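Peer 1: Have a look at this one before I ask anything.
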Amino acid sequence: MKMRAFLLLIAAVSVAGCQTEGGSVTEKVLADFGLREQPEGYVSGSDKVFQELDTVGKTEMKRLNAQGRNGEIKFQEDGLRGSYFKEVRVYEDFMPLDAKAAGHLVDQDRGYVGTIEYRYRVYRGASKPTRAEAAAVTADTPTDAEGRETLRYTFTSGGTWNGAKGEKAAN
């Protein structure tokens with residue numbers, strides 16, 4: 001009899017522990033999967049991550065511009081002679097694209113993944129006869145070349161960015 005009363009007490013505590021303001025755990029899971037209407041004020045984990053992507057984009061755009069400030073030295077043939085010039089990508093804008101649960105990726109078993117698309121313009125420096133002279137020149141002439149780059153970021157299960165650099169995503 002004592003054992004039966006104990007089991008009933010455990011069952012009652014378990015059921016009561018699963019009840020929350022917004023309904024039962026089952027109702028919340030069904031809402032997460034879109035099978036039931038979400039309660040007022042409900043914010044999913046991927047929604048939190050999507051809101052965080054704006055902060056990540058601003059931070060990462062500064063990092064990308066600082067990382068690429070030295071640019072790339074290229075050689076341009078001009079008949080029998082040639083010249084060197086510097087090209088620099090300047091990231092000008094970004095757009096958060098997606099935020100979703102990480103699922104079962106190789107390095108993660110839970111958390112979220114967010115993707116951001118960055119737009120950049122290519123700037124060019126003056127042509128110089130040597131590589132060293134081209135490297136010393138500031139690339140400040142805008143070209144018609146523009147591009148986009150999509151990077152993927154990882155977030156914890158709580159929706160917090162770990163601060164790691166983004167990985168290039170397949171376009």
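Peer 1: With the checklist (1) exposed (fewer than 15 other Cβ atoms within 10 Å of the Cβ); (2) within 20 Å of V56 (Cβ to Cβ); (3) of a type in the set (D, E) in hand, flag the one item E149 doesn't pass.
Peer 2: Going through (1) exposed (fewer than 15 other Cβ atoms within 10 Å of the Cβ); (2) within 20 Å of V56 (Cβ to Cβ); (3) of a type in the set (D, E) one by one, E149 breaks only (1).
Peer 1: Are any residues in the range 17-39 at pLDDT 70 or above and either outside any loop (DSSP other than H, G, I, E, B) or closer than 30 Å to K128 by Cα (or both), and if so, which ones? Break it down stepwise before answering.
Peer 2: Initially, the range 17-39 is screened for residues at pLDDT 70 or above, giving 26, 37.
Within the range 17-39, T26 is the sole residue that qualifies.
Peer 1: So, of the residues in the range 40-66 that are exposed (fewer than 15 other Cβ atoms within 10 Å of the Cβ) and over 20 Å from G158 (Cβ atoms), which turns out to be modelled with the lowest pLDDT?
Peer 2: Across the range 40-66, the extreme among qualifying residues is E40.
Peer 1: Suppose we filter L8, L80 for residues that are surrounded by fewer than 12 Cβ atoms within 10 Å (Cβ to Cβ) and at pLDDT below 65; which single one remains? Break it down stepwise before answering.
Peer 2: Values: L80 fails: at pLDDT below 65.
That would be L8, the only listed residue that is surrounded by fewer than 12 Cβ atoms within 10 Å (Cβ to Cβ) and at pLDDT below 65.
The values are calculated or read from the model by the stated rules, or taken from the named source; none is laboratory data. Keep in mind it's a predicted model, so treat the numbers as computed, not measured. Neighbour counts are summed over all protein chains in view; Cβ atoms, including those assigned to glycine, are modelled from backbone coordinates with ideal geometry.
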